[in-house]
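All of the numbers you see were taken from the coordinates with simple rules; none came from a lab. Note that this is a predicted model, so its numbers are computed, not measured. Heads up, the Cβs are rebuilt from the backbone with ideal geometry, glycines too, and the neighbour counts pull from every protein chain shown.
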Amino acid sequence: MKIFDTGDVRLHYRVDGPDDGPTVVFANSLGTDMRLWDPILPLLPAGLRLIRYDKRGHGLSSCPEGPYTMGGLVTDVERLLDHLKVKNCLFVGLSIGGMIAQGLATKRLDLIRAMVLSNTGAKIGTPAMWDERIAAVKSGGVEVLADAVMERWFSDQFRATPELELWRNMLVRGEDAGYAGCSAAISGTDFYTPTSGLRLPTLGIAGSEDGSTPPDLVRETVDLIPGSKFHLIRKAGHLPCVEQPVEYAQVLTDFMKSTGHV
């Protein structure tokens, strides 16, 4: 565990694997921290340099006063990757992490050779929806949204297991200000035009039961990029890396092989 001060925020990050290995960077979803990726990491090929981080207001990173902008979130990881001397990485972003991926690829294509847009969109929801959610968090904390969020995140089968508590706890024990700040960043983002101009190997991953970013939204987003691929994971909601880690890791590994990353 390490901390990097970007000048605007102190980001908690972790690097696993050899310094000279092919680099894979992971950006997690709203309301989760870098532990989101724990289920799949042991299933990936050996020898990779795996970089994870907590975006501002999440996990062990600092929580500046909001609201945040997507440009700010993109700059945070851009500065971290420059600090770590990353070039030509595979960037895997889930939900807001997938929006950060699109923004970073548009701004700094030298950093990314391929990207995975998992359970995300070029635009997610409406400003009115996010305003309502932000107001609820500011008045009652993330706890007031937790049950509804679990329904969007996970399939019925997973919600019936004891493991659900792990993810509900991760959500509600996070910073209310971080959740609200990042919600504002999503609200203000429409990447349809910039993403349609991207030309890099791209894989879209969707969960059949995803109540936050349905499969059609993910497919519509990756279809903006010529030559992109799309994979639907069944019996999974918004976090298929948690519900179906074996399939998720295999799809990711196959994509890495097809792009020459491993």
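Express the Stokes-Einstein translational diffusion coefficient of segment 1-72 in µm² s⁻¹, to the nearest whole number, given a Kirkwood radius over alpha-carbon pairs, 10 °C and a viscosity of 1.306 mPa s.
121 µm²/s
For the peptides 149-155, 130-136, what is the packing order when you average, over each peptide's residues, the other Cβ atoms within 10 Å and list the highest mean first?
So the order, starting with the most tightly packed, is 149-155, 130-136.
Report Rg(Cα)/(2.2 N^0.38 Å) for the chain, keeping two decimals.
Its radius of gyration relative to the 2.2 N^0.38 Å reference: 0.92.
State which helices in the chain qualify, where a helix is a whole DSSP H run, it must extend 30 Å or more along its own axis by its Cα atoms, and its mean Kyte-Doolittle hydropathy must be at least -0.5.
none
Among the listed pairs Lys55/Lys123; Lys2/Lys235; Lys55/Lys257; Lys55/Lys235, give every one whose C-alpha distance is greater than 25 Å.
Lys2/Lys235; Lys55/Lys257; Lys55/Lys235
Below 8 Å between Cα atoms, with a sequence gap of 6+, how large is the relative contact order for segment 7-83 in percent?
Averaging sequence separation for qualifying contacts and normalising by length gives 40 percent for segment 7-83.
Place a +1 charge on the Cβ of each Lys and Arg in segment 2-258 and a -1 charge on the Cβ of each Asp and Glu, then give the dipole magnitude about the Cα centre in debye, rounded to the nearest 20.
Magnitude of the dipole: close to 680 debye.
Can you give the local net charge around Glu220? Use residues other than it whose beta-carbon is closer than 14 angstrom to its beta-carbon, Lys and Arg +1, Asp and Glu -1.
That works out to -2.
Between Thr126 and Arg173, what is 0.36 nm times their sequence separation minus the Cα-Cα distance? Round to one decimal in nm.
Result for the pair: 14.3 nm of gain on full extension.
For a label point 7 Å from the Cα of Val144 along Cα→C-beta, name the residues of segment 27-50 whose backbone N is under 19 Å from it.
From segment 27-50, the list is 31.
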